[in-house]
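Asks: Take this structure first; my questions come after.
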Amino acid sequence: MIEQQDPLFAAQSELRYMKQSVAALRDELEHAHQQAEQAVQHAVSSASSETVQLKMTITALRDELEESRAAREKAVQHAHAASEDELRQLKATVATLRDQLEAARLEKDHAISQALAAAQNEITQLHGAIASLRESLERATIQKEDAISAIGVRHQAEIGQLQATVHALRERIEAFRAGPAT
């Protein structure tokens, strides 16, 4: 029976060894399965984490791109507003200079008109003075001629009287010379 037991014992031993091997292999397989599951979960978690990080990076890059676009658009609007403001100021300056130029032209025209009016007034006054002086000169000339004529007439009358006196005196002298004889 020992011999029978021996193969039985050996078979039982082998069966136990096989069961232990199966249990060990099962444990090992389960452990490998758990490790594989953990590796998959780790890979999924890592991929998920990487996906989240990539999504956050994409979101951050989108935000940065939007901020850059907004900043660029704001800079363009600022530059446009500044150029519009400068253009408005230049137009205002041109209008002011045009108004000043027109005012200066009007002032010059007014000054020329006043100068021409003053010159015309002076010319009119000078013509009046010339006419008045000519008239005064003519009156003075007439008065002088009248005075000369009057003096001439007086002189003629005086000469006539003197000649008459001389003639009367000559006649007297002659009568006086001829006189004792009569």
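The values are calculated or read from the model by the stated rules, or taken from the named source; none is laboratory data. Everything quoted here is computed from the prediction, not taken from an experiment. As a convention, Cβ positions derive from the backbone with ideal geometry for all residues, glycine included, and neighbour counts pool all protein chains shown.
Asks: Which one of these is among the hydrophobic types (A, V, I, L, M, F, W, C), part of a helix (DSSP H, G or I) and over 60 Å from the mean Cα position of the chain (by Cα): 112, 148?
Replies: Only one candidate qualifies: 148.
Asks: Look at residue 12 and say whether it is modelled with pLDDT under 85 and either loosely packed, with under 11 Cβ neighbours inside 10 Å or assigned to a helix (DSSP H, G or I) (or both).
Replies: yes
Asks: Here is a follow-up. Picking from 86, 107, 122, 73, which residue would you name as being of a type in the set (Asp, Glu), under 18 Å from the mean Cα position of the chain (by Cα) and surrounded by 10 or more Cβ atoms within 10 Å (Cβ to Cβ)?
Replies: None of the others qualify; the one that does is 86.
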